[in-house]
1. Report, in debye and to the nearest 20, how large the dipole of the chain comes out about its Cα centre when Lys and Arg carry +1 and Asp and Glu carry -1 on their Cβ.
2. What list of ³J(HN,Hα) values in whole Hz, one per residue of region 47-57 in order, does the Karplus curve 6.51 cos²θ - 1.76 cosθ + 1.60 (θ = phi - 60°) give from phi, with Gly and Pro shown as x?
3. Quick check of the Kirkwood formula: for region 1-101, what is the inverse mean of 1/r over all pairs of different Cα atoms, in Å?
4. Using a 7 Å offset from Cα along Cα-Cβ at N73, what residues in region 1-39 end up with backbone N under 15 Å from the label point?
5. Among G65, S25, S111, which residue has its Cα furthest toward the positive end of the charge dipole of the chain, with +1 on Lys/Arg Cβ and -1 on Asp/Glu Cβ?
6. Mind ordering 52-62, 16-26 by average Cβ neighbours within 10 Å, highest first?
7. Roughly how many Å² of F29 are accessible to a 1.4 Å probe, to the nearest 10?
8. Quick check: pseudo-label points 7 Å beyond the Cα along Cα→Cβ at D98 and E110, how many nm apart are they?
Amino acid sequence: QVELVESGGGLVQAGGSLRLSCAASGSVFSVRGMKWYRQAPGNQRDLVAAIESDGVTNYAASVKGRFVISRDNSENEVYLQMNSLKPEDTAVYYCNADLKLRRGGLYYIESYWGHGTQVTVSS
């Protein structure tokens, strides 16, 4: 069974740091783009950061300079280092990845989501 599993959320004071991890498990042939989204109560789910398989990254303006996305292609994992956290960063953070799977001799690209991990930043 293919799935994405996040870890690393928690409660931190403003100005602190957290590191989120997301691992793709199961019969995954390869992983393409990997992204982190977040959703605060009453808000839509927004893209926070993205990283392509070649390492090219993109960030939302609100986190640029504070968050760093990285990946380990050998482990099919993506990370989000969050520094200088602010109360407005409080949200559930979701991992998203485009996974290349092999079924019946054919290859498919499918988008998977993790279940989310809560990040709470106190003022």
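The values are calculated or read from the model by the stated rules, or taken from the named source; none is laboratory data. None of the values given here were measured: they were computed from a predicted structure. Using ideal geometry, Cβ is built from the backbone for each residue, glycine included, and neighbour counts are taken over all protein chains shown. Note: areas computed on protein heavy atoms with side chains; ligands, DNA, RNA excluded. Shrake-Rupley method; radii C 1.70, N 1.55, O 1.52, S 1.80 Å.
1. The dipole magnitude comes to about 120 debye.
2. Rounded to whole hertz, the list is 6, 9, 7, 9, 9, 8, 5, 8, x, 5, 10.
3. One decimal place: 13.9 Å for the Kirkwood radius.
4. Residues passing the 15 Å test: 29-34.
5. Projecting each Cα onto the dipole axis, the largest value belongs to G65.
6. 16-26, 52-62
7. About 120 Å², rounded to the nearest 10.
8. It is 1.7 nm.
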